[in-house]
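Have a look at the structure below before the remarks.
Read the figures in this text as sums done on the coordinates, not as results from a lab. Predicted, not measured: the structure shown is a model, and the values here were computed from it. Neighbour counts run over all protein chains shown; Cβ positions are idealised from the backbone, glycine included.
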Amino acid sequence: MPATAIVGAQFGDEGKGRIVDYLARGAAMVVRFQGGSNAGHTVVNEFGTFKLHGIPSGIFFPDTRNVIGSGCVVNPETLQEEIEDLEARGVSTDNLWISSRAHMLMPYHREADGLEEEMRSGDQKIGTTRQGIGPAYSDKTAREGLRMGDLLNSSWLEVRLESAVARANRYRQSMGAAPVDPDRMMDMCDRARTALADRIVDTVPMMKEVLNADSHILLEGQLGVMRDLDWGIYPFVTSSNPTSAFAAAGAGLPIQAIRRVVGVAKAYNTAVGTGPMPAELHDENGARLREIGHEYGATTGRPRRCGWLDLVGLRYAAWVNGMTELCMTKLDVLDGFKTVRVCTGYRMPDGRVERDSVPAAADLAEITPIMESFPGWEEDTTGCRSFDELPRNAREYVTWIADRVGIPIPYIGVGPAREQMVVNPGD
Ligand code: GDP
Ligand code: IMO
Ligand code: MG
C-alpha cells in the first residue's frame, strides 16, 4: 500500500495539519519528516483545537503510529510540554515514537538562532521563529549534532556532548556570549532520557513491518516549498527540505514507497517572515484576508503577510514536488469578496513573462505580478460538503486552478473543523 506525502505548496501554514488529520483515519503510520518546533500545525476535531509543533497530526488516532522522523530536529523540552498538553486534554500519546537518528535541538541552538538574527542587517534578516532550527541543522551537517539515540548510551553521550558543547562555546566566544555549562546540558539530557527514552526507536524495523503489511503511511511535511532550503527563496528559507523528495529520506523509507504527493495550498497566499512574496497585498484586501482568515502565526503569533493566490508559485510547487493532487484550504475566507484575483505570471525587468518557475529571491523581488480577476461568489460556503453545493463562481475558480496547475483538487477546505471539507470527485 502506498505512502502519501503531504507537503506545503506555498510559504507554510497552508493547513497541512488539518489535511493530515483528515486523511489519517485508517493510516497505519504518520511520520513528520523534517523541521522541528518551528511548525504550528492546527487541528480542530472532536478533542478540541490544537497547535501541534513537533508531534505528527495523526496523534488523534490511537491505533496510528506517529513517528518523529530522522529528518527532524527535536527539542526535548517543548516536546515534553506538548505531550503533557495532549494527555491533559484526553489525547493518548502512547503511540508516539521518535527516530533514534533524529537530532536533538539544544538550548544553545535556540540562543544562537536569536544571536544570528540580531547580527543580520536590514533586509537580510530572515525573521526566523527563533526555535533554534538553523543552528541545530548546522550542527547536524557539521557532524557535531547530538542524536536522540545518543541519550540511550551514557558513555557515548558524554563524549558527544563534550565535543558539541566545545563547538557551541567556540561560537559563543566569537559572539561575546557566556559559555554553556556542560553540566547543565548533561542535566537536560538526563531529564530528556527519563521522559522520552521509551519512545526512542530505530524506525527501520517498524517501517518495514508497516510496508510489508501493505498499510497506508502518511508523510507530513513542515512549512512549504517557498521556504525549502534548495527550492525556496534562499536565504529567506528554513534549514531543511519541506519538498517531497526529502520525505523518503527524512521518514526513512524507500523512495518507491511514495505513490501520492498531496500539495496543500490556501485559496490565497500568506507568509510569515521576510523575503519577496509575489502578489502581496498592502491594501484593505490584504487586511480583510488577515482578519477573516485569522492570519496570525500559530507558533509566534506574528501577523501573516497576505496576498492573492500565486499561480506561478503553485505550478512551480506542483512540478518540484511531483504533486499528484492538490488540497485547497480556506476557500470560505474568500466568501465575502466581490472580486477575487490571481497572479498568473511574473513580468521580469527585461519584459519577459514567467508563468512556470519561481526565480531566485533577488530576481523575484524585481518582478511585477500579472493579475487576472474573477467574479466572487458572495455566499457562505462553510456548510457545503459536496462540490455541487458550492456556488457556481467558487466551482469555476477551483476548476480553473486545477486546470492551470494540471492536477485534480479532490479536497477543498471550507472551515477549520475536520468535517468542513468539500469532497470533489472530479469529472
Ligand atoms: P499548517 O502549518 O500548514 O498546518 O497550517 P496552520 O495551522 O499554521 O494554519 C492554517 C490555519 O487555517 C489554521 O488556523 C487552521 O485552523 C485554519 N484552516 C485550515 N483549513 C481551513 C479552512 O478550510 N477554512 C478556514 N477558515 N480555516 C482553515
Ligand atoms: P508550518 O509547518 C510558516 C518561516 C519563518 C522564516 C523562515 C525560517 O506551520 O507551516 P526557521 O525558524 O525555520 O529558521 O524560519 O521560515 N517559518 C514558517 N512560516 N509556517 C511555518 O511552519 C514556519 N516555520 C518557519 O517565519 O521566514
Ligand atoms: Mg503552521
Next item on the list: Find out how many positive minus negative residues lie around Val73, taking Lys and Arg as positive, Asp and Glu as negative, among other residues whose Cβ is under 12 Å from that of Val73.
Entry: +3
Item checked: Degrees separating the helix 76-88 axis from the principal Cα axis of the chain, which is the longest one -> 60 degrees
Checklist line | Extreme residue, positive dipole direction of region 209-298, given options Met226, Ala247, Gly275 (C-beta unit charges) | finding: Ala247
Margin query: Counting only helical runs of four or more DSSP H residues, what would the 222 nm mean residue ellipticity of the chain come to if each run contributes -39,500 (n - 2.57) and the total is spread over all its residues?
Written below: -9500 deg cm²/dmol
Margin query: Treating region 53-125 as a set of equal point scatterers at the Cα positions, no solvent, please give the Debye-formula log₁₀ I(q)/I(0) at q = 0.17, 0.27 Å⁻¹.
Written below: -0.71, -1.21
Notebook entry, point to check: Applying 1/(1 + (r/R0)^6) with R0 = 35 Å to the Cβ-Cβ distance of Asp202 and Glu81, what FRET efficiency is obtained, to the nearest 0.05?
Noted result: 0.85
Next item on the list: Can you figure out the FRET efficiency of Glu389 with Asn153, using R₀ = 56 Å and their beta-carbon distance, to the nearest 0.05?
Entry: 0.45
Next item on the list: Send over the Kirkwood Rh of region 97-187, from the inverse of the averaged 1/r over different Cα pairs, rounded to one decimal Å.
Entry: 13.8 Å
Item checked: Per-selection Kirkwood Rh - region 233-281 (Cα, Å, 1 d.p.) -> 13.5 Å
Checklist line | For Gly12, net neighbour charge (Lys/Arg +1, Asp/Glu -1) across residues whose Cβ lies under 11 Å away | finding: +1
Next item on the list: Can you put Ser70, Ser357 in order of Cβ neighbours within 10 angstrom, beginning with the fewest?
Entry: Ser357, Ser70
Check: For the chain, what proportion of DSSP beta bridges, expressed in % and rounded to the nearest 5, is antiparallel?
Finding: 40 percent
Next item on the list: Could you estimate the translational diffusion coefficient of region 268-360 from the Stokes-Einstein equation, with Rh from the Kirkwood formula over C-alpha pairs, at 4 °C and 1.567 mPa s, in whole µm²/s?
Entry: 90 µm²/s
Next item on the list: Give me D for the chain in µm² s⁻¹, whole number, from Stokes-Einstein with Rh from the Kirkwood sum over alpha-carbon pairs, 37 °C and 0.692 mPa s.
Entry: 149 µm²/s
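Using only alpha-carbon positions, what ratio does the radius of gyration of region 220-259 give when scaled by 2.2 N^0.38 Å? Don't jump to the answer; show the numbers that get you there.
Working: Rg = 10.6 Å, N = 40, 2.2 N^0.38 = 8.9 Å.
Cα-based Rg divided by the globular estimate yields 1.18.
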Next item on the list: At q = 0.10, 0.18, 0.20 Å⁻¹, what is the base-10 log of I(q)/I(0) for region 7-144 according to the Debye formula with one equal point scatterer per Cα and no solvent? Please give it to two decimals.
Entry: -0.35, -1.03, -1.21
Item checked: Cut-off 14 Å (backbone N to label point 7 Å along Cα→Cβ of Glu372), residues of region 301-322 -> 309-315
Checklist line | Length gained when the stretch Ser92-Asp187 is fully extended (0.36 nm per residue, less Cα-Cα span) | finding: 31.5 nm
Notebook entry, point to check: Based on the Cβ-Cβ distance from Glu144 to His294, what FRET efficiency comes out when R0 is 25 Å, to the nearest 0.05?
Noted result: 0.05
Note to self: Angle check, please: helix 154-175 long axis (alpha carbons) against the longest principal axis of the chain (alpha carbons), in degrees 0 to 90, nearest 10.
What the structure shows: 70 degrees
Notebook entry, point to check: Normalised by the number of residues in the chain, what is the relative contact order in percent for Cα pairs under 8 Å and 6+ residues apart?
Noted result: 20 percent
Check: Using the scaling law 2.2 N^0.38 Å as the reference, what is the normalised Cα Rg of region 171-327?
Finding: 1.35
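Please give the length that would be gained between Ala287 and Arg167 if that part of the chain were fully extended, namely 0.36 nm times their separation in residues minus their C-alpha to C-alpha distance (nm, one decimal).
Details: separation 120, 0.36 × 120 = 43.20 nm, distance 4.49 nm.
Stretched out fully, the Ala287 to Arg167 stretch lengthens by 38.7 nm.
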